[in-house]
1. Where the second residue is open to solvent by less than 70 Å² (accessible area, probe 1.4 Å) and assigned to a loop (DSSP other than H, G, I, E, B) and the first is within 16 Å of Ile11 (Cα to Cα) and of a type in the set (Asp, Glu) and lies in segment 94-121, which pairs have Cβ atoms under 8 Å and are six or more apart or on separate chains?
2. Please verify whether Ala108 is surrounded by 22 or more Cβ atoms within 10 Å (Cβ to Cβ), more than 22 Å from Glu31 (Cα to Cα) and modelled with pLDDT under 95, treating the condition exactly as stated.
3. Run Ile91 past the list (1) outside any helix (DSSP H, G or I); (2) farther than 24 Å from Lys200 by Cα; (3) open to solvent by 50 Å² or more (accessible area, probe 1.4 Å) and report the number of the one that doesn't hold.
4. I'd like the full set of residues that are part of a helix (DSSP H, G or I), open to solvent by 60 Å² or more (accessible area, probe 1.4 Å) and under 28 Å from Ile18 (Cα atoms), limited to segment 155-207.
5. Since Pro72 meets every condition but one in (1) open to solvent by 20 Å² or more (accessible area, probe 1.4 Å); (2) part of a helix (DSSP H, G or I), which condition does it not meet?
6. Within segment 54-67, is there a residue that is more than 15 Å from the chain's Cα centre (by Cα), open to solvent by 20 Å² or more (accessible area, probe 1.4 Å) and modelled with pLDDT of 95 or more?
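The values are calculated or read from the model by the stated rules, or taken from the named source; none is laboratory data. This one's a predicted model, so the numbers in the text were calculated from it and none came from an experiment. Here the Cβ positions follow ideal geometry from the backbone for every residue, glycine too, while neighbour counts run over all protein chains shown. We work out accessible area using only protein heavy atoms, side chains counted, and drop any ligands, DNA or RNA first. Shrake-Rupley method; radii C 1.70, N 1.55, O 1.52, S 1.80 Å.
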Amino acid sequence: MQFENSIWLLISSSVQFIILIFIAIFWGGKEKITTKLITTASLSLALAVVLNFITLFRLPMGGSITLASLLPLLLFSYRYGCRYGIALCLIYGILNFLFQPTQIIHPAQFFLDYPLAFMSIGVSGILNRKKQCTLYFILGTALALLLRYIAHLFSGVFAFGEFATGNPWIYSLAYNSFVLLDGAISMSIACILLQIKSLKKYLLPQI
């Protein structure tokens, strides 16, 4: 790998980490740690891991579209806030690599593709204190998916760009579009669940 690419990997991973920590600190929510929170986090994590094994489509160099594996993480982050959401998604990202490892070219590429990319999913809870509204969930989730997409995008350009047949930016933009489709499946199901009255008190944040 070229030295310049290594530098850009380090810069992009550092910037993404700082952004996520900043969000966790200033928009993380004020929910206290309780037995219920810990139990819900454990169940959400376990369910996400199981759903991740139900793969609808797998890409040749890593990445897959699953049966709503992000759904438990999105709902947990919206219910308890992005501070706990980011922490839970960090654990999920590491487990995702342990259970389904892919090629690691550079340490910074690993952080972009796993811990940082999945930590971004926790940002879906950034607007959970504004109003109990599906629109705020959609906006928060859209931001979360965008941040994850950016993490994979930089990884694709600076770590895997040499494998691209053409422009590495176009290659990475196209290849990593699976993130948006995978997230859209989870977000759509979550929006349906948020409309069910009997589930609202379990899924919505307690303002």
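1. Asp113/Gly62; Asp113/Thr102
2. Details: surrounded by 22 or more Cβ atoms within 10 Å (Cβ to Cβ): yes; more than 22 Å from Glu31 (Cα to Cα): yes; modelled with pLDDT under 95: yes.
So Ala108 fits the description; yes.
3. Against the list (1) outside any helix (DSSP H, G or I); (2) farther than 24 Å from Lys200 by Cα; (3) open to solvent by 50 Å² or more (accessible area, probe 1.4 Å), Ile91 comes up short only on (1).
4. Passing the criteria: Glu162, Trp169, Ile170, Leu173, Ala174, Leu180, Leu181.
5. (1)
6. No - not one qualifying residue is present in segment 54-67.
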